[in-house]
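Data block below; observations after.
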Amino acid sequence: MKKVSLFLLITFTINFLYAIENDLILQEKFPKKLSEFSFFKDSQAQIPSDRVVPYELISSLFSDYSYKQRWVYIPEGKKASFRKDQVFNFPVGSALIKTFYYPIDERNLSLGKRLMETRLLLRKQTGWEAVSYAWNDEQNEAFIKIAGKTILNEWIDFEGEKRSVRYRVPNKNQCKECHASNDAVMPIGPKARNLNKVFDYQDGSINQLTKWMRLDYINRIEIDLNTPVDWNNEIYSLDDRVRSYLDINCGHCHISTGGANSTGLYLDLTETRLTHLGINKKPVATGRGSGGHKFSIAPGKSKESILLHRMISTDPGVMMPESGRSLTHHEAVELIEKWIDNMDT
Amino acid sequence: MQNLFLLFLLSVCAFALEARQLLLGPSENSSEEIQEALIEMQPGDVLTLEPGEYFFEDGISLDVDDVIFEGSGINETILNFENQISGAQGLLVTSDGVTLRDFAVLDATGDAIKVIGADGINMVRLRTEWTGGPKETNGAYGFYPVESRDVLIDACVAIGASDAGIYVGQSRNIIVKNSIAQYNVAGIEIENSYYADVFDNLASHNTGGILVFDLPDLPQQGGHNVRVFRNKAINNDTDNFAPEGNIVGEVPRGTGIIIQANSDVEVFDNDIYGNGTVNLSIVTYGYATDDENYNPHPKSIQIHGNRFGDGGFDPDINTGELAAILFELSDGNMPDIFWDGILPMNQMIFGQPDKERLVISNNGDATFLTLNPIKYILPFFDPVERDIKAYEGKVRPLPEVILN
């Protein structure tokens, strides 16, 4: 009898230790420390708790060459519902978790990494809320940063070059600058179309949507998803790669429901009108962002295209995106340069 | 009765207790303190900045409804962004019912104060300035409310913007008054907007003083119901320093007022002089567009009771095409008021409906020039017409703008 209750107690304690703190997700006030949510069994090693499932996007947003690890949590007994070309409708109590980090040396990942921040999107009763937790120097806890934080970081890149970044942990308002859709906070990545790829789970490799169905996180999806491609994979066409890149990097804001609606420049994957895609489109309220150029995209002339000029620039009054970037994404610039130069004039 | 009064007192107290007064002064961490306060404010709160200069490396933003963010005076509380490293504007407001007053935003790397999608925004006694004088590297806009409604800009000062000092875009229900716009490319610009009253302002030493524009391919277009009155659009004499590509980059130095592609614009009781290219021009949007919903022609424009002084004495024929064409057509005798005369094809042939016709009345001895587009196309005809009397007509006053 005694043994049984001890066993029960231990099981209970372990479950208690690794159970997600659902109330903390729902409550109005954010806890001070990331660990309070219990999203991770081992936060330093970023080992997730049960029901906290890792995922990847086919193409992801450039954030100053940082690496990202993503997880989704959906409370027991609930499901996210599918919406074509939109983010899943996640149930109240869900959490999207994203950790930003830099490897010490990109040539040898076993040398370890430095965690920058873990961003949370929490689905409360009233809608999504965004918050970020910045990791301490000891890397054993992340603390809430309502007003954001600046972290100076250095790493060694693939070429063996020493790189440095003035990394900005966004404040609550800056989260909304990208995550606003019709003025409400909205996730960007987890649309079915962005998840439609194989992921190497601990228990084997399988398509992420299939995995989510098996976990009962979503119902079966039986329509064509309009899936983007990995912009960095050369087997795909230049056009598909560029449109996929622009979609995930620009399309959340440059869409009729997004923050850059007033520009008339729309770069999401579903846009088909050439003027709105920027082809021979005159700038509107671009100011010195135009760099003296007359069109967002001047076909055949990448050097005369505002879109590329603003991707290259690191001047905050010129560059795009407006936040979340302080370095130039050279590989993407090269890609889009080629795309514009190959357009029929 | 007594009970009622008590109830009233109680409710006042309850409200007063809820609203907080927050006070911050300059310190080493003031940029963080201010941003944190702007995030943690609750509706009804007032955040006051003491006199002093506050330095920022990152843009700041406000997303809480119904709060007041104020300084202690346009020359006393200075938000200085000369060392800005991140953020596309100095101050960004994305919430409703906000009042900003009594401070200055200096040397922002992009726009100074941008307001997106606000339902109610009051900007009162504020200054936006780039302190190094007119330069292409200055930020684009001083005051930049966009996609907003019930916009008030009152007693503000805008200096040195490389696009427009005060720019209201794709908004409705707008009042811009008692303000000063100087040394900008455009002083005051109302673009793709509905129901705007622009009055008692001074627009001087800009490239162009006051612009009322409408552009294609945008979510809100068909700008209409704009009243421009009791302003001084004078001595606009700064060389155009806008980066190329922008529509204002084509405004010639020395333009008082331009109306482009709007309908129902009433310009009255203004002082318009000292503008070296042209005091007032009314023009069609000059680029090809395949936007079928866009009307590139100005219509129902009324210009009356203005006081015109000297103009056209130093035309800037090197910027854009307007000044050069006008200079050639007028033989150097530049008019006070210019209309390009371009009408939709059907109206050129069958005439313009009465209510859409240009009305020019009671403008003293102002001179006028327009083009007869049919004669312009045909050889051997002089397309220039200067008879201002032909445009006299009964004024149909536009309604006053009332903010909610």
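Of all residues in segment A:40-54, which are touching a residue at least 60 places away in the same chain (Cβ under 8 Å) and either outside the structural domain of A:Ser132 (by TED's automatic domain parsing) or crowded, with 20+ Cβ neighbours inside 10 Å (or both)?
A:Ser43
Can you confirm whether A:Ile188 is assigned to a strand (DSSP E or B) and hydrophobic (A, V, I, L, M, F, W, C)?
Here the answer is no, as A:Ile188 does not meet what is asked.
Say we look at segment B:53-62 and pick out the residues that are within 11 Å of chain A (Cβ to nearest Cβ) and either farther than 22 Å from B:Thr94 by Cβ or small (Gly, Ala, Ser) (or both); which of these is surrounded by the fewest Cβ atoms within 10 Å (Cβ to Cβ)?
The selected residue is B:Ser61.
Return yes or no: is A:Ile248 away from every other protein chain (no Cβ under 14 Å), part of a helix (DSSP H, G or I) and among the β-branched types (Val, Ile, Thr)?
yes
Taking the options B:Pro219, B:Pro243, name whichever one is in contact (Cβ under 8 Å) with a residue 40 or more places away in the chain, within 23 Å of A:Thr275 (Cα to Cα), touching a Lys or Arg at 6+ places or on another chain (Cβ under 7 Å) and within 14 Å of chain A (Cβ to nearest Cβ).
B:Pro243
Each row is one residue, and each column tells you yes or no for (1) assigned to a loop (DSSP other than H, G, I, E, B); (2) at pLDDT below 95; (3) of a type outside the set (Ser, Thr, Tyr).
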residue	(1), (2), (3)
B:Ala324	no, yes, yes
B:Glu328	no, yes, yes
B:Gly341	yes, yes, yes
B:Asn346	no, yes, yes
B:Ile360	no, no, yes
B:Asn404	yes, yes, yes
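Which of (1) in contact (Cβ under 8 Å) with a residue 60 or more places away in the chain; (2) surrounded by fewer than 16 Cβ atoms within 10 Å (Cβ to Cβ) does A:Arg214 not meet, given it meets every other one?
Unmet for A:Arg214, out of (1) in contact (Cβ under 8 Å) with a residue 60 or more places away in the chain; (2) surrounded by fewer than 16 Cβ atoms within 10 Å (Cβ to Cβ): (1).
Looking at (1) out of contact with any Leu (no Cβ under 7 Å at 6 or more places or on another chain); (2) farther than 22 Å from A:Ser262 by Cβ, can you tell me which one B:Pro216 breaks?
Result: B:Pro216 passes all but (2).
Quick test for you: out of A:Ser262, A:Ser296, A:Ser244, pick the one residue that is more than 24 Å from the chain's Cα centre (by Cα) and surrounded by 18 or more Cβ atoms within 10 Å (Cβ to Cβ).
A:Ser296
For (1) of a type in the set (Lys, Arg); (2) out of contact with any Cys (no Cβ under 8 Å at 6 or more places or on another chain); (3) within 25 Å of B:Ser263 (Cα to Cα), each residue gets a yes or a no:
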| position | (1), (2), (3) |
| --- | --- |
| B:Arg125 | yes, no, no |
| B:Lys135 | yes, yes, no |
| B:Tyr141 | no, yes, yes |
| B:Arg149 | yes, yes, yes |
| B:Gly169 | no, yes, yes |
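Can you say whether B:Glu18 is charged (D, E, K, R), surrounded by fewer than 20 Cβ atoms within 10 Å (Cβ to Cβ) and away from every other protein chain (no Cβ under 14 Å), as far as the supplied structure shows?
It is true that B:Glu18 is charged (D, E, K, R), surrounded by fewer than 20 Cβ atoms within 10 Å (Cβ to Cβ) and away from every other protein chain (no Cβ under 14 Å).
Checking the conditions here, which among B:Tyr195, B:Tyr183 is among the aromatic types (Phe, Trp, Tyr) and touching a Gly at 6+ places or on another chain (Cβ under 8 Å)?
When all the criteria are applied, what remains is B:Tyr183.
Of everything in segment B:174-187 that's in a loop (DSSP other than H, G, I, E, B) and without any contact (Cβ under 8 Å) to a residue 40 or more places away in the chain, which residue is nearest to the chain's Cα centre (by Cα)?
Selected residue: B:Ser179.
So is B:Ala288 free of Cβ contacts under 8 Å to residues at least 12 places away in the same chain and among the aliphatic types (A, V, I, L, M) or not?
Considered against the rule, which asks whether it is free of Cβ contacts under 8 Å to residues at least 12 places away in the same chain and among the aliphatic types (A, V, I, L, M), B:Ala288 comes out as yes.
Quick one: which strands (runs of 3 or more DSSP E) sit completely within segment A:32-77 and have at least 1 residues that are over 25 Å from A:Cys178 (Cα atoms)?
A:40-42
Read through the list (1) in a loop (DSSP other than H, G, I, E, B); (2) over 23 Å from A:Thr314 (Cβ atoms), then give the number of the only condition that A:Tyr133 fails.
Against the list (1) in a loop (DSSP other than H, G, I, E, B); (2) over 23 Å from A:Thr314 (Cβ atoms), A:Tyr133 comes up short only on (1).
Can you pull out every residue in segment A:147-185 that is within 14 Å of chain B (Cβ to nearest Cβ), outside any strand (DSSP E or B) and free of Cβ contacts under 8 Å to residues at least 60 places away in the same chain?
A:Ala147, A:Gly148, A:Asn171, A:Lys172, A:Asn173, A:Cys175, A:Lys176, A:Asp183
From the residues in segment B:24-52 that are among the polar types (S, T, N, Q) and closer than 18 Å to B:Val105 by Cβ, which one is farthest from the other protein chains (Cβ to nearest Cβ)?
Per the criteria, the residue is B:Thr48.
Counting only residues that are of a type in the set (D, E, K, R) and either surrounded by fewer than 20 Cβ atoms within 10 Å (Cβ to Cβ) or more than 14 Å from every other protein chain (Cβ to nearest Cβ) (or both), give me the strands (runs of 3 or more DSSP E) lying completely in segment B:63-173 with at least 1 of them.
Ranges flagged: B:68-70, B:98-106, B:119-129, B:149-154.
If you scan segment A:123-141, which residues turn out to be under 20 Å from A:Lys41 (Cβ atoms), surrounded by 21 or more Cβ atoms within 10 Å (Cβ to Cβ) and touching a residue at least 40 places away in the same chain (Cβ under 8 Å)?
Within segment A:123-141, A:Tyr133 is the sole residue that qualifies.
Only one of (1) at pLDDT 90 or above; (2) within 11 Å of chain B (Cβ to nearest Cβ); (3) outside any loop (DSSP other than H, G, I, E, B) fails for A:Ser256. Which number is that?
(3)
State all residues of segment A:263-308 that are at the interface with another protein chain (Cβ under 10 Å from one of its Cβ atoms), part of a helix (DSSP H, G or I) and out of contact with any Phe, Trp or Tyr (no Cβ under 9 Å at 6 or more places or on another chain); if no residue qualifies, say none.
Across segment A:263-308, the qualifying residues are A:Thr263, A:Arg288, A:Gly289, A:Ser290.
Just wondering, is there one or more residues in segment B:274-282 that are in contact with an Asp or Glu (Cβ under 9 Å, 6 or more places away or on another chain) and surrounded by fewer than 19 Cβ atoms within 10 Å (Cβ to Cβ)?
no
Given A:Asn194, A:Asn219, which one is more than 14 Å from chain B (Cβ to nearest Cβ), under 24 Å from A:Tyr67 (Cα atoms) and in contact (Cβ under 8 Å) with a residue 40 or more places away in the chain?
Step by step, each of A:Asn194, A:Asn219 is checked, and only A:Asn194 is more than 14 Å from chain B (Cβ to nearest Cβ), under 24 Å from A:Tyr67 (Cα atoms) and in contact (Cβ under 8 Å) with a residue 40 or more places away in the chain.
Only one of (1) under 13 Å from the mean Cα position of the chain (by Cα); (2) at pLDDT 95 or above fails for B:Ala140. Which number is that?
With respect to (1) under 13 Å from the mean Cα position of the chain (by Cα); (2) at pLDDT 95 or above, B:Ala140 is out only on (2).
When you look at A:Ser237, is it without any contact (Cβ under 8 Å) to a residue 24 or more places away in the chain and of a type in the set (S, T, N, Q), yes or no?
yes
Scan segment A:312-341 residue by residue and report those that are closer than 26 Å to A:Arg119 by Cα, in a helix (DSSP H, G or I) and over 18 Å from the mean Cα position of the chain (by Cα).
A:His330, A:Glu331
The values are calculated or read from the model by the stated rules, or taken from the named source; none is laboratory data. The structure displayed is predicted, hence computed values, not measured ones. Cβ coordinates were reconstructed from backbone atoms using ideal geometry, including for glycine residues, and neighbour counts include every protein chain displayed.
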